[in-house]
Amino acid sequence: MNTQVLDARHDPMGAAIADFYKNGIAGRLRVLSSMFDEDEIPVAHLFREEDEMGELELKALGLSKGRILDVGAGAGCHALALQDKGMSVTAIDVSPLSVEVMAKSGVDDARLVNLYDDALCEKFDTILMLMNGSGIIGKIANMPQFFARIDSLLAEGGQVLMDSSDLIYLFEDEEGGVDIDLAGDYYGEVDFAMQYKNIKGEPFDWLYIDFETLAFHAAENGFVAELVAEGEHYDYLARITRK
Ligand code: SAH
């Protein structure tokens with residue numbers, strides 16, 4: 001697995017987060033993909049406060065306990081909300097500009113480190129992976145490495161709280177039939193690249209996964225996935241613990 005962090009010159013999301021933090025406004029954070037039309041992430045959304053959060057992420061915050069690791073923390077919205085409740089959070093991200101903003105905005109322990117870097121070697125009671133947190137797994141083929149890494153970071157009795165979406169709706173026709181190539185790659189494996197102003201990031205793999213498939217791979221790797229709640233549009237929150 002890649003254990004690197006981003007170069008600050010090629011950190012589009014971080015640049016957008018830094019602009020928004022400084023000026024209260026940012027340009028378009030564009031999301032490019034070989035599979036979809038161009039999209040964008042509203043930068044203000046990355047700074048959402050608790051009263052602007054969705055039901056699934058609120059549920060995740062409510063279930064968080066003990067020492068918490070927020071993986072891919074972005075602008076730190078969940079870390080800040082948990083700190084407000086008196087909880088202890090380590091927020092990690094590979095984006096140097098995002099980590100700088102998190103530190104400035106009061107995240108007590110914001111670290112520029114990749115989830116897969118062994119420099120991160122403490123144990124956590126709760127590992128949060130939110131805003132399609134399964135994305136960081138990248139590809140189905142990475143499941144064994146992902147769960148091995150989780151195993152090394154999770155304290156006894158610890159949990160992972162992860163949200164994702166089932167992309168099946170993209171392949172459904174009007175009659176409810178599904179057009180996917182079962183012999184091909186898993187339909188939730190996508191590629192993205194971000195662009196902000198003239199800063200272009202490297203393309204990366206991002207995994208959307210349906211709950212059944214997640215539960216299958218969890219079981220294969222010594223874990224149990226439990227469906228905590230379902231959202232309004234094929235999205236859900238899962239809780240993953242050791243078997
Ligand atoms: N959780 C935040 C932001 C989600 S965007 C929120 O809900 O608002 C996903 C974040 O994951 C990005 O900031 C990206 O830089 C970070 N990321 C991607 N791969 C990572 C990895 N391997 N280790 C740590 N962070 C990662």
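(1) more than 23 Å from CYS121 (Cα to Cα); (2) among the hydrophobic types (A, V, I, L, M, F, W, C); (3) at pLDDT 95 or above; (4) surrounded by fewer than 18 Cβ atoms within 10 Å (Cβ to Cβ): which one isn't true of MET87, the others all being true? So MET87 meets the others, but not (1).
From the list LEU214, LEU207, LEU237, which residue is open to solvent by less than 80 Å² (accessible area, probe 1.4 Å), within 20 Å of LEU61 (Cα to Cα) and in contact with a strand residue (DSSP E or B) (Cβ under 7 Å, 6 or more places away or on another chain)? First the steps, then the outcome.
On the way: LEU214 fails: within 20 Å of LEU61 (Cα to Cα); LEU207 fails: within 20 Å of LEU61 (Cα to Cα).
Of LEU214, LEU207, LEU237, the one residue that is open to solvent by less than 80 Å² (accessible area, probe 1.4 Å), within 20 Å of LEU61 (Cα to Cα) and in contact with a strand residue (DSSP E or B) (Cβ under 7 Å, 6 or more places away or on another chain) is LEU237.
Results for (1) among the β-branched types (Val, Ile, Thr); (2) crowded, with 19+ Cβ neighbours inside 10 Å; (3) within 28 Å of GLY24 (Cα to Cα), shown as yes or no for each residue.
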residue	(1), (2), (3)
ASP93	no, yes, yes
SER98	no, yes, yes
ALA119	no, no, no
ILE127	yes, yes, no
LEU130	no, yes, yes
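Of all residues assigned to region 156-174, none qualifies as being in a strand (DSSP E or B), modelled with pLDDT under 95 and closer than 22 Å to ALA215 by Cα. Exactly one residue out of TYR208, TYR236, TYR186 is among the hydroxyl-bearing types (Ser, Thr, Tyr), over 25 Å from ALA75 (Cβ atoms) and touching a residue at least 12 places away in the same chain (Cβ under 8 Å), and it is TYR186.
Scanning region 104-147 for residues that are among the hydrophobic types (A, V, I, L, M, F, W, C) and in a helix (DSSP H, G or I) returns ILE136, ILE137, ILE140, ALA141, MET143, PHE146, PHE147.
For LEU46, the requirement of being within 9 Å of the ligand (Cβ to nearest atom), closer than 21 Å to GLU202 by Cβ and outside any loop (DSSP other than H, G, I, E, B) is met.
Across region 1-21, a minimum of one residue is classified as under 30 Å from ALA148 (Cβ atoms), in contact with a helix residue (DSSP H, G or I) (Cβ under 6 Å, 6 or more places away or on another chain) and open to solvent by 70 Å² or more (accessible area, probe 1.4 Å). Among the conditions (1) free of Cβ contacts under 8 Å to residues at least 40 places away in the same chain; (2) closer than 14 Å to PRO203 by Cα, SER33 misses just one, which is (1). For region 90-108, the candidate set comprises residues that are charged (D, E, K, R) and closer than 22 Å to LYS123 by Cα; within that set, the residue that is nearest to the ligand (Cβ to nearest atom) is ASP93.
The values are calculated or read from the model by the stated rules, or taken from the named source; none is laboratory data. Not measured: the values here are computed from a predicted model. Quick reminder, even Gly has a Cβ in these numbers, built from the backbone with ideal geometry, and neighbours come from all protein chains shown. What goes into the accessible areas is simple: the full protein's heavy atoms, side chains included, and nothing from ligands, DNA or RNA. Shrake-Rupley method; radii C 1.70, N 1.55, O 1.52, S 1.80 Å.
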